[in-house]
Amino acid sequence: MRRLFVFLFAALLSCQLPAQSAAVGKPLVLALNWKAEPQFGGFYAAEIGGYYADNGLDVHIQEGGSGTPTIQMLLAGRVDYAIVSADEVVIARARGAADIVALFATYQINPQGVMTHAERGFGSIAEVMQSEGVLLWQAGLPYAQYLRKKYAPMTVVTAPYLGGIGNFQNDPMVSQQCFVTSEPLTAAAAGIKVKTFLVADSGYNPYTAVLVTRRQRWEESPAEVKAMVAAVRSGWNDYLLDPGEANATMLALNRAMSAETFAQSARAQRPLIKTESTERLGEMTQDRWQTLADQLHEIQVVREPVAVSDVLVDL
């Protein structure tokens, strides 16, 4: 009888634990959607500065790669927190995954852009779309569908983007998609003069590198979630002030980038993370989330209107 009582008591306790709560000694897992690069610098800086520990957390940062399905990993319970793009969240909710809440948006201005050869003399994305030449991009991405609709009919010929800058480098008539914190730096290092345009300037500006978790976790463990956001915000404050130590940590994990490129990328992204109107790092507004949802419906990335009134947790 005593054994039965102990078993039932333990079972009752396990039922009362927060959703996906880490077992004693087991760290919380934060899944990145790409390799260790400056876009995640603040998350590593939070570890280096001891902010996770100061807030009572043990956090393991899990690197990603091309196509890492961080939302699916989160919903399946394989990770506790994840980094995603805001449009991914809206698309997931349109498909029935309402159990996602956004906590912290790293990029206030989306870093997605279009990179052109400076000698072409373009003054805007509109000119790129209405001129002769080739544009390399991933046509299935939401931003591409938005631009295709906004600037229709387009004169530029589009072709698949396969990564890198090889095709761009070899032909001045070629433009390509990019992150303004990455490929333009690679091109400059190769001696190519480029001009880059932010997709955000066209009106499509989803938050990027967004920290999310499951709603159930927020409802059952609000203190933990608040502590996570506080630690991340402190980490990003440190990284923006001095990215050196976090860059060195990430460089040890990602040898595909040089130390100089890490430093250049950190500088390039700073005005996208902390803008002139930013009051708190990571802040988000309901209006921007709903604008994004409406845009995705307008271009038929989602078939029905999506209400996102409960997607944002303001911490």
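The values are calculated or read from the model by the stated rules, or taken from the named source; none is laboratory data. Keep in mind the model is a prediction, meaning the values are calculated, not measured. Cβ coordinates were reconstructed from backbone atoms using ideal geometry, including for glycine residues, and neighbour counts include every protein chain displayed.
Report the residue count in region 136-164 for those that are of a type in the set (Val, Ile, Thr) and either closer than 19 Å to residue 298 by Cβ or touching a residue at least 40 places away in the same chain (Cβ under 8 Å) (or both).
Here the count works out to 0.
Within region 58-71, track down each residue that is touching a residue at least 40 places away in the same chain (Cβ under 8 Å) and surrounded by fewer than 19 Cβ atoms within 10 Å (Cβ to Cβ).
Hit for region 58-71 is 63, nothing else.
Wholly within region 146-249, which helices (runs of 4 or more DSSP H) include no fewer than the required count, namely at least 3 residues that are of a type in the set (A, V, I, L, M) and touching a helix residue (DSSP H, G or I) at 6+ places or on another chain (Cβ under 7 Å)?
Counting at least 3 such residues, we get 222-241.
Output yes when any residue across region 174-187 is surrounded by fewer than 18 Cβ atoms within 10 Å (Cβ to Cβ) and not assigned by TED's automatic domain parsing to the domain that holds residue 104, and no when none is.
Looking through region 174-187, none of the residues is surrounded by fewer than 18 Cβ atoms within 10 Å (Cβ to Cβ) and not assigned by TED's automatic domain parsing to the domain that holds residue 104.
When you scan region 121-144, how many residues do you find that are part of a helix (DSSP H, G or I) and buried (at least 18 other Cβ atoms within 10 Å of the Cβ)?
6
Residue 235 - would you say it is crowded, with 22+ Cβ neighbours inside 10 Å and over 26 Å from residue 287 (Cβ atoms)?
Criteria met by residue 235.
I need every pair where a residue in region 104-122 that is closer than 12 Å to residue 175 by Cβ has its Cβ under 7 Å from the Cβ of a residue that is assigned to a strand (DSSP E or B) and of a type in the set (Lys, Arg), sequence separation at least 6 or different chains.
Within 7 Å, the pairs are 116/195; 118/195; 122/195.
List the strands (runs of 3 or more DSSP E) inside region 16-120, counting only whole elements, that have at least 3 residues being out of contact with any His (no Cβ under 9 Å at 6 or more places or on another chain).
59-62, 81-84, 101-107, 112-117
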